[in-house]
Amino acid sequence: MRATTATHIQTRRQQEAAGKNSSQRKSNENQRQTSRKTAATKGADYHQLVARATKDAIRDWDLTSGALTWPQGLDSLLGYSPSGSGQTIAFWQQQIHRDDRSTIAASIREAIKSKAEHWSGEYRFRHAKGHYLHLLERALLVRDKNGRAVRLVGTLMDVTSRKQLRHQLSHSQKMEAFGQLAGGVAHDFNNFLTAILGYSDLLVAEVQGRGTGAKYLSEIRSAAGRAASLTRQLLTFSRREPLEPRILEVNMLIHNLERSILRLLGENISVLCELMPEKKHIKVDPDQFTQIIINLAVNARDAMPAGGTLVLKTETISTNGKSLPELPSGKYVRISVIDNGMGMSEEVKEHLFEPFFSTKGDRHGSGLGLATCYGIVRQSGGHITVESEHAKGTAVYIYLPEVAAPPAAAYRKRPKLPSGTETILVVEDDISVRHVAVRTLRMLGYNVLEAFRADEAKRLIENTAINLVVSDIVLPDMSGCDFADWMRINSPSTQILLTSGYLPEMTTIGTPSSELPFLSKPFDPQQLAETVRASLDAVVLT
C-alpha cells in the first residue's frame, strides 16, 4: 500500500513538472510570436514613416502574379484612392504618358533579363486631376534562389519642380542667346535704315518736296519708319530694363498689330477686328501690350490646327467692384481675344496662369507666356480672365483702366535745321551711314572730316583742331567707349557724341562714357542736326 502511494505521488509530480514545462514552452513561444509581430509592426511603421517623411510613393509589384500594391503615396502623391482601381499593373501602365510608356517597359524588361539588382527610370505619370507629374522611380528587384525576379519594390519621387527648373534654365539661356542675336541684327539693320532715312530726306530737299518723286520718297521714308519700329521691338526684347507705359489709343494698337498677327496665324485662320467706334485710351507699354496680344494669338493658333477665326474686340465697361471683385470700381477698356478652337477643361483653366504650366509639352513652350501676360496686365492696374469649354473655343478678356486722352500736340511747322561752322569728325565703319552723316553735316555748313577706324581718327585729332567727334560705339579696332576715354585724356576740349544701333544701356552702362550724349540709330537728318548742335553747345537733349 505504501509502495503504491509513493509511486502515485511520484507520477503525479512528474506530470505536474511536465505540465509546467509545457506551459513554459507555450509562454516562451507566445512571447517570441509577439516579439516577431511587434518587430514586423515596428518595421512596417518605420518604412511608412520614412516614406511619409520623403513624400514619396511606394509601389510593390509581384512579378509572378502581376498584383500591384501601394503601401504609401497612391493618394497623397498621385491623388488616387487606395481602394480604387490602382491595384493592377495595367493601371500603372495606363497612367504613364504614352510617349514614355514603351521606353519604361523596355527598360524594366532589360533590367529583369540582365539579373540586375536595381532599376531606375524617369517618366511622366498622370495625376488623378489630369495633369502629369515627372516621377523618378528607384526600385529593388527581389530574386528567388534561382535568380528569377519575383518582385519589384520601388519608391516614386516627384521631380516635376526639378524638371521645370532645368527647363527654365535652358529656356533662359536660349532666350539670352536669342536676345544677343536680336540685338546684333537690329544694330546692323539700323545702319541700313539710317542710310535710307538720311538719303530720303536729302532727296526730298533736292526736289524741294514737289512732284511724284517727292511722294515716292515719302513712301520710302514711311516704310523705313515702320522697319525702325520693328528693330526697336527687337532691341526691347534683348534688353533687361523695365519699360515705360504711355497713354495710347487702344484701337490703333490693335490695328497696328493686325498685319503681324495675320503672318503668325497662317492662311487657314482669319482675323476679325470688332473695334468700338469711340477712341478710348489706356496707359500701357506698347511693346508689353504687343507681347500680350501676340502670345494670346499664338495660343489661339495652336488651338485651331484645322483653321478657324480669331476675333479681336474692344469695348468699354464700368464696374462697381462686385461683378469683377479683382478690379476697383471705375471705367475699363476690355480687349477680347476669342477663338473657336479646341477649348480647355476646367482643370487646365485652374492652372492657366501658373508659371511653367503648359499643355504643349517641353518642346513647344516654356509655360511662361500666359504667366507673363498675367503679370504685365496686373502691373498695368488691370485684370485678365478666361472663359472656355472643351471643343467650344476660348475667350480671353483683358481689362485695363480707361484713361483720359493726352492733349493734342500743337501743329508746328518743321523748323529749319540748326547749322554751324565748327569742325566735326565722323567716325563710322558703315560706309553708307558715314556718307549720309557727312553729307548732311556739310549741307548744314560744318567742316566735316571722316574716319573708318579709331586709329585713323586719332591721327586726325592729333593734327587738327576738332570741335566735335561723332563716333559709333562699335568700331573695327576698338570700342567707341574706349575711344572716348582716350579723347578725354588726349583732347579734353573736344566734345563727344556716341551713336549706335544698340540701346545705350547695352553699350555704355557702367563706364564713364555712359554720361556722354547718345544718338540711337536709325536717325534722320533732323535728329542728327539737333543732337550735333546740342552737343557742340554742351547741352544734352532728353
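The values are calculated or read from the model by the stated rules, or taken from the named source; none is laboratory data. The structure displayed is predicted, hence computed values, not measured ones. Quick reminder, even Gly has a Cβ in these numbers, built from the backbone with ideal geometry, and neighbours come from all protein chains shown.
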Residues of region 441-460 being of a type in the set (A, V, I, L, M) and more than 12 Å from PRO418 (Cα to Cα), in sequence order, are VAL448, LEU449, ALA451, ALA454, ALA457, LEU460
Can you tell me which residue in region 383-401 is surrounded by the fewest Cβ atoms within 10 Å (Cβ to Cβ), limited to those that are in contact with a helix residue (DSSP H, G or I) (Cβ under 9 Å, 6 or more places away or on another chain) and closer than 16 Å to LYS280 by Cα?
TYR399
Taking LEU541 and the conditions (1) modelled with pLDDT under 90; (2) in the same structural domain as GLY445 (by TED's automatic domain parsing), which numbered condition does it fall short on, given that it satisfies the others?
(2)
Just need a number here: residues in region 453-486 that are under 42 Å from the mean Cα position of the chain (by Cα), assigned to a helix (DSSP H, G or I) and either under 20 Å from THR531 (Cα atoms) or of a type in the set (S, T, N, Q) (or both).
4
Given the options ILE96, ILE89, name the one that is surrounded by 14 or more Cβ atoms within 10 Å (Cβ to Cβ) and at pLDDT 90 or above.
ILE96
Does at least one position in region 239-252 carry a residue that is at pLDDT 75 or above and assigned to a loop (DSSP other than H, G, I, E, B)?
yes
Only one of SER35, SER102 is surrounded by fewer than 13 Cβ atoms within 10 Å (Cβ to Cβ) and modelled with pLDDT under 90; which?
SER35
Of the listed residues (VAL448, VAL469), the one being surrounded by 21 or more Cβ atoms within 10 Å (Cβ to Cβ) and modelled with pLDDT of 90 or more is VAL469
Every listed condition ((1) under 20 Å from the mean Cα position of the chain (by Cα); (2) modelled with pLDDT of 70 or more; (3) not small (Gly, Ala, Ser); (4) not assigned by TED's automatic domain parsing to the domain that holds GLN379) holds for ARG226 save (1)
